[in-house]
Amino acid sequence: MNIIYSEIEKNFYTYLLHNFNSNKGSDFIEGGDVVKLFLKAKNVDKNTLKRIWDISSFRKERNLNKEEFFYACRNIVLAQERKNLIKENVVELNNKNLLPKFEGINFQNVINVNNNFNNNNNNNFNNNNLNTMFNSNNNINNINYNRK
């Protein structure tokens, strides 16, 4: 089963990865930084967050790489939607552009404030195509994580 992240997800998750990471410029985020961010997840209890860490930390290290972090964010969406944290449900979110909700972080504000970040990272994202991206499936990259 392939997990497909939309451009909206990739932009939002990359923003979170880089802005909540004490190791600026790294594609690894330390466990303490993940905890600080994930504790802001709306309507997700600590036990569920611990489970999300356990199933997302494929390498079983004290940090998450980009792949693991994106997978964890998808699982937060599942938890917020009250769905089981299983791979099939993660894949079901393909092409749906559902983002995790965090206290104090508004996706639209992230885009408005962080437009410069996105442009500097060649994500080809701007406010003019936000609605198009929400309603389109043509900006998708296929990522096969070969997870069971």
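So the values come out like this:
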{"read-out": "Whichever lysines have a C-alpha closer than 18 Å to that of K83, once near sequence neighbours (fewer than 8 apart) are set aside", "value": "K42, K46, K50, K96, K101, K148"}
{"read-out": "Amide H partners (placed H, <5 Å) of Y5, local residues excluded", "value": "N141, I143"}
{"read-out": "Inter-label distance for K101 and N43, nm, one decimal - labels placed 7 Å from Cα along Cα-to-Cβ", "value": "0.5 nm"}
{"read-out": "Added length on full extension, which subtracts the Cα-Cα distance from 0.36 nm per residue, D27 to E61", "value": "10.8 nm"}
{"read-out": "Three-way shape label, region 4-57, alpha-carbon gyration tensor, a/c 1.5", "value": "oblate"}
{"read-out": "Local electrostatic count, K96, Cβ distance below 11 Å [Lys/Arg +1, Asp/Glu -1]", "value": "-2"}
{"read-out": "Partners for K60 among aspartates and glutamates (Cα-Cα distance below 13 Å; same-chain residues under 8 apart left out)", "value": "E30, E68"}
{"read-out": "Three-way shape label, region 1-115, alpha-carbon gyration tensor, a/c 1.5", "value": "rounded"}
{"read-out": "Rounded percent of accessible protein surface that carbon and sulfur make up, region 12-107, 1.4 Å probe", "value": "46 percent"}
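The values are calculated or read from the model by the stated rules, or taken from the named source; none is laboratory data. These numbers come from a predicted model, not from an experiment. Positions of Cβ are generated from backbone atoms using ideal geometry, with glycine treated the same way; all protein chains shown enter the neighbour counts. Surface accessibility is based on the protein's heavy atoms, side chains included, excluding ligands, DNA and RNA. Shrake-Rupley method; radii C 1.70, N 1.55, O 1.52, S 1.80 Å.
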